[in-house]
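Enquirer: Please see the structure below; I have some questions.
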Amino acid sequence: MKSIKIIKTRSDIGAGTRGADLGIDAIEVAAKKIKDDFFNNYEYYDVKTYNEVIYNKNTTEFAKRIGNVLEVCTNLAEAVKDSLKENKFPLVLSGDHSSALGSISGVKMAFPNKRIGVVWIDAHADIHSPHTTPSGNIHGMPLAAVLADDNKERKINELDDETTKYWEAMKNIGGTAPKVKHEDLVYFGVRDTEEPEEYTIEKNGIKNYTVDELRYRGLKVCMQEAMQSLSACDMIYITFDVDSMDSDLISEGTGTPVSKGFDEFEIIEIINSVIATGKVACLEFVEVNPCLDNKCNLMAETAFDILSTVTVKLEEKLS
């Protein structure tokens, strides 16, 4: 039986708002509130972070703090790779979503010859590059790095040498670029995008299962279709950004809340449907921000409900 190893990345320097670094602790508080011993049941590892650099002057306008984000992602990649090499399942809990680059890189480093599918559950596409970003926040760029897609056709920014150097390094973490093919990426719940992202999605035929589509066609039908589209992949990485959920229904305890999203039961069914394939190599939860929660700690409590529920399914498949 393969055991689960929790990897914690308390970094929020890729986000535009502070507080996601506290998300893991907020989830742990949610577990303790209901006297659930979840976090004592698994081995864990804390990834080295650099949150203090938030106070330094930023020198890379179109990829803020990119040198330090690169270090965090590299550290996380090593942790995920090591976990997989130890035959342990990496269950990653992270701050901001730039961490996904580290997690996917770690899977690719452990299995360089395997084809990796990505299930991206999020309100946002996170497929900007420094060439197209309107904000410079790297939590909007992990997929562009994973796909090694600069999208220069929609370029709006002129990069300096420092940004260019670090961006090339980000794309090449682990020595492989790209790490994922566009056709092996499936979105769930994306509903807040900019034109350069929409161009990349349409150009490459990336499927986005919207909330409305899942409810109209049926979640089971959509999941079967999505898993069929990833059938050529040897393994699958799942990332769950809590802003994929409805901010009005749940709470605003995330950096960029968006209304009209999923409820927690739909998220559980989506994740469990992917786990059921037996191909999941890594699962990541991101972007809980208790500093922004307008309903006490409800976002973290909901995230823990989802985490503890899908872990049951995960352990079944690992046994």
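Bear in mind that the values in this text are calculations on the coordinates, not laboratory data. Predicted model, so just to flag it, every value in this text is computed and none were measured. In this analysis, Cβ positions are derived from the backbone assuming ideal geometry, glycine residues included, and neighbour counts consider all displayed protein chains.
Enquirer: Rank-order 37-47, 259-269 by packing density, defined as the average count of other C-beta atoms within 10 Å over each peptide's residues, highest first.
Expert: 259-269, 37-47
Enquirer: Hey, rough spin-label estimate for GLU225 and GLU61, points 7 angstrom out along Cα→Cβ, what's it come to in nanometres?
Expert: Using points 7 Å along Cα→Cβ, the separation is 4.3 nm.
Enquirer: Taking K and R as +1 and D and E as -1, what net charge do the other residues with C-beta under 14 Å from the C-beta of PRO134 add up to?
Expert: In short, -4.
Enquirer: Stretched out fully, how many nm does the piece from LYS85 to ILE54 gain, at 0.36 nm a residue minus the Cα gap? Provide the component values of the computation, followed by the final result.
Expert: Details: separation 31, 0.36 × 31 = 11.16 nm, distance 3.31 nm.
Stretched fully, the LYS85-ILE54 segment lengthens by 7.8 nm.
Enquirer: Additional query: Give, as a single signed number, the net charge of other residues whose beta carbon lies under 10 Å from the beta carbon of HIS182, with Lys and Arg counted +1 and Asp and Glu -1.
Expert: Result for the neighbourhood of HIS182: -1.
Enquirer: Same structure again: Using 1/(1 + (r/R0)^6) with R0 = 35 angstrom and r between the beta carbons of LEU249 and LEU318, what's the FRET efficiency to the nearest 0.05?
Expert: That pair, LEU249 with LEU318, gives E of 0.65.
Enquirer: Here's another thing I want to ask about it. For the chain, what is the mean residue ellipticity at 222 nm derived from helices alone (per DSSP H run of n ≥ 4: -39500 (n - 2.57); sum divided by total residues; nearest 500 deg cm²/dmol)? Can you show the working numbers first?
Expert: Numbers: 10 runs with 120 residues, N = 319.
When only DSSP H runs of four or more count, the value is -11500 deg cm²/dmol.
Enquirer: Pick from PRO290, PRO90, PRO112 the residue whose mean-square fluctuation is largest in a GNM of the chain, springs joining Cα atoms under 10 Å.
Expert: Ranking PRO290, PRO90, PRO112 by mean-square fluctuation puts PRO112 first.
Enquirer: Return the distance in nm (one decimal) between the two label points of a simple spin-label model at GLU183 and GLU213, each offset 7 Å from Cα along Cα→Cβ.
Expert: 1.7
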